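Working notes for the structure below.
The values are calculated or read from the model by the stated rules, or taken from the named source; none is laboratory data. Here the structure is a predicted model, which is why all the values come from computation and not from measurement. When we count neighbours, we look across all protein chains shown, and the Cβ atoms used for this are built from the backbone with ideal geometry, even at glycine. The area values use the complete protein model at the heavy-atom level, side chains included, leaving out ligands, DNA and RNA. Shrake-Rupley method; radii C 1.70, N 1.55, O 1.52, S 1.80 Å.
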Amino acid sequence: MVIKVFVATSSGSIAIRKKQQEVVGFLEANKIDFKELDIAGDEDNRKWMRENVPGEKKPQNGIPLPPQIFNEEQYCGTEEAAEEAAEGEAEEEEAEEEAGQGEDS
């Protein structure tokens, strides 16, 4: 299983760079193996990403922006998917801590 994160290494957009950093940081912090694929310097990567983001997930102009996340060939989402996973994980850890504190009583 290879997680692919499509990024634009030469993006002029601060918002895009920040989102890319958040996704990569989340994956690294959780020790999830992934491969960064640059769409700015590799036309094949850009074409593959654009063709494989599902139509209903594309913006109105039809051109998806990075970061885009795939598990092998399966579309997983954008930085929003990573944020949701991080929030879910934080809630799980909090619940485990609360359950652990209850056991000590």
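Looking only at region 52-86, which residues are among the charged types (D, E, K, R) and either under 16 Å from the mean Cα position of the chain (by Cα) or under 15 Å from Val7 (Cα atoms) (or both)?
Correct list: Lys57, Lys58, Glu72, Glu73, Glu79, Glu80, Glu83, Glu84.
Does Lys47 satisfy being without any contact (Cβ under 8 Å) to a residue 24 or more places away in the chain and in contact with a Gly (Cβ under 8 Å, 6 or more places away or on another chain)?
Judged against the criteria, Lys47 is not a match.
When only residues in region 32-63 that are among the hydrophobic types (A, V, I, L, M, F, W, C) and within 13 Å of Ala8 (Cβ to Cβ) count, which is surrounded by the most Cβ atoms within 10 Å (Cβ to Cβ)?
So the residue we want is Ile39.
Quick one: would you say Ala15 is out of contact with any Cys (no Cβ under 8 Å at 6 or more places or on another chain), of a type in the set (Gly, Ala, Ser) and crowded, with 16+ Cβ neighbours inside 10 Å?
no
Assess whether Ala86 counts as being at pLDDT below 70, open to solvent by less than 40 Å² (accessible area, probe 1.4 Å) and either touching a Lys or Arg at 6+ places or on another chain (Cβ under 8 Å) or within 20 Å of Leu37 (Cα to Cα) (or both).
So Ala86 fails the test.
Out of all the residues in region 20-30, is one or more aromatic (Phe, Trp, Tyr), modelled with pLDDT under 95 and surrounded by 15 or more Cβ atoms within 10 Å (Cβ to Cβ)?
The answer is yes, given that some residue of region 20-30 is aromatic (Phe, Trp, Tyr), modelled with pLDDT under 95 and surrounded by 15 or more Cβ atoms within 10 Å (Cβ to Cβ).
Give the residue, chosen from Val7, Val2, that is aliphatic (A, V, I, L, M) and open to solvent by less than 30 Å² (accessible area, probe 1.4 Å).
Unique residue meeting the criteria: Val7.
Just name the residue that is nearest to Thr78 (Cα to Cα) out of those in region 24-56 that are in contact with a Ser or Thr (Cβ under 8 Å, 6 or more places away or on another chain) and outside any strand (DSSP E or B).
Result: Ala40.
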